[in-house]
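This report concerns only the one structure given below.
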Amino acid sequence: MSRKGKRRPERHLVIMAKAPHLGLAKRRLGADIGAFAALSFYRATLARLLRRLASPRRWRLWLYVTPDRWARARGLFRHSLELRPQGRGDLGARMRRPLAELPRGPVVIVGSDIPELASTHVASAFAALGGHDLVFGPALDGGYWLVGVRRRPHLPRLFHGVRWSSPEALSDTLRALGPRYRVKLVAMLEDVDDGESYRRWRAKRKRAPRVIPG
């Protein structure tokens with residue numbers, strides 16, 4: 001096939017989400033600020049992310065949902081996007097699933113509880129994969145809010161021996177990869193998963209000028 005006829009692999013953006021339903025989403029945050037307030041925050045944040053990150057000319061958007069039965073609830077999300085179940089296992093197993101099963105092309109995975117996440121962050125991650133095997137978005141708590149994988153010439157062995165929900169999550173992930181792979185870190189953001197991070201976000205929101213992130 002001529003170079004002109006070659007089709008560029010798609011870029012795949014995956015949002016890992018819990019069903020925005022009382023008792024299923026943001027239970028740790030709910031223990032600090034109340035279940036209904038936590039659910040309201042999560043629904044608003046997820047809706048904003050779906051609007052901000054929908055960019056069909058730049059990447060294909062996938063929503064991986066847990067519990068699995070909610071992957072069939074298309075009307076719940078009110079967006080034209082691909083819904084798939086996260087499946088069983090810990091966070092590492094559930095993130096490996098889209099990396100293994102999506103069509104060819106680079107994959108970027110993000111969480112659904114990051115109010116400051118914008119399309120510019122995603123674009124930077126895909127750009128970094130042009131010269132690196134993996135990209136991570138470090139989080140304030142020692143974890144990471146984004147992981148991107150080039151997936152060629154092969155899929156790296158990822159997420160083994162990671163202490164999830166701990167300050168060591170990113171360092172564990174990088175240590176397991178070793179020096180073989182080219183890794184880049186992008187901007188640090190904060191996922192809102194407890195009362196302390198929620199209060200920091202609220203305070204920052206009050207100070208920030210009224211702009212719409214891209």
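What number of residues in region 28-47 are of a type in the set (Lys, Arg) and farther than 19 Å from residue 66 by Cα?
Filtering region 28-47 for residues of a type in the set (Lys, Arg) gives 28, 43.
Okay, now just the ones that are also farther than 19 Å from residue 66 by Cα, so none.
Residues meeting the conditions: 0.
Inspect all residues belonging to region 178-185 and state whether any of them is outside any loop (DSSP other than H, G, I, E, B), charged (D, E, K, R) and at negative phi.
Scanning region 178-185 turns up at least one residue that is outside any loop (DSSP other than H, G, I, E, B), charged (D, E, K, R) and at negative phi.
Looking only at region 129-139, how many residues end up being free of Cβ contacts under 8 Å to residues at least 40 places away in the same chain and either farther than 23 Å from residue 178 by Cα or crowded, with 18+ Cβ neighbours inside 10 Å (or both)?
Count: 1.
If I filter region 192-214 for residues that are modelled with pLDDT of 95 or more, closer than 24 Å to residue 13 by Cβ, surrounded by fewer than 18 Cβ atoms within 10 Å (Cβ to Cβ) and out of contact with any His (no Cβ under 7 Å at 6 or more places or on another chain), do I get at least one hit?
No - not one qualifying residue is present in region 192-214.
Output the residues belonging to region 118-128 that are aliphatic (A, V, I, L, M), surrounded by fewer than 21 Cβ atoms within 10 Å (Cβ to Cβ), closer than 18 Å to residue 10 by Cβ and touching a Lys or Arg at 6+ places or on another chain (Cβ under 9 Å).
123
Can you spot a residue in region 89-103 that is farther than 28 Å from residue 155 by Cβ and either surrounded by 19 or more Cβ atoms within 10 Å (Cβ to Cβ) or in contact with a helix residue (DSSP H, G or I) (Cβ under 8 Å, 6 or more places away or on another chain) (or both)? Working first, answer last.
Initially, region 89-103 is screened for residues farther than 28 Å from residue 155 by Cβ, giving none.
No, that holds for no residue.
Are any residues in region 181-208 over 21 Å from residue 37 (Cβ atoms) and of a type in the set (Gly, Ala, Ser), and if so, which ones?
Hit for region 181-208 is 187, nothing else.
Go through region 120-177 and give me each residue that's small (Gly, Ala, Ser), modelled with pLDDT of 95 or more and in a helix (DSSP H, G or I).
Across region 120-177, the qualifying residues are 123, 124, 125, 127, 128, 169, 171.
Against the definition (touching an Asp or Glu at 6+ places or on another chain (Cβ under 6 Å) and more than 23 Å from residue 130 (Cβ to Cβ)), how does residue 191 come out, yes or no?
Here the answer is yes, as residue 191 does meet what is asked.
Which ones in region 140-176 are touching a Pro at 6+ places or on another chain (Cβ under 9 Å), surrounded by 17 or more Cβ atoms within 10 Å (Cβ to Cβ) and more than 24 Å from residue 123 (Cβ to Cβ)?
Passing the criteria: only 141.
Of the residues 99, 63, which is in contact with a strand residue (DSSP E or B) (Cβ under 9 Å, 6 or more places away or on another chain), part of a helix (DSSP H, G or I) and at negative phi?
Step by step, each of 99, 63 is checked, and only 99 is in contact with a strand residue (DSSP E or B) (Cβ under 9 Å, 6 or more places away or on another chain), part of a helix (DSSP H, G or I) and at negative phi.
Examine region 67-81 for a residue that is in a strand (DSSP E or B) and at pLDDT below 95, and state whether such a residue exists.
Filtering region 67-81 down to residues in a strand (DSSP E or B) leaves none.
No, region 67-81 contains no residue that is in a strand (DSSP E or B) and at pLDDT below 95.
Just to be sure, is residue 146 hydrophobic (A, V, I, L, M, F, W, C) and more than 21 Å from residue 55 (Cα to Cα)?
no
The values are calculated or read from the model by the stated rules, or taken from the named source; none is laboratory data. All values reported here derive from a predicted model rather than from experimental measurement. A quick note on method: Cβ atoms are made from the backbone with ideal geometry, for glycine too, and the neighbour counts reach across all protein chains shown.
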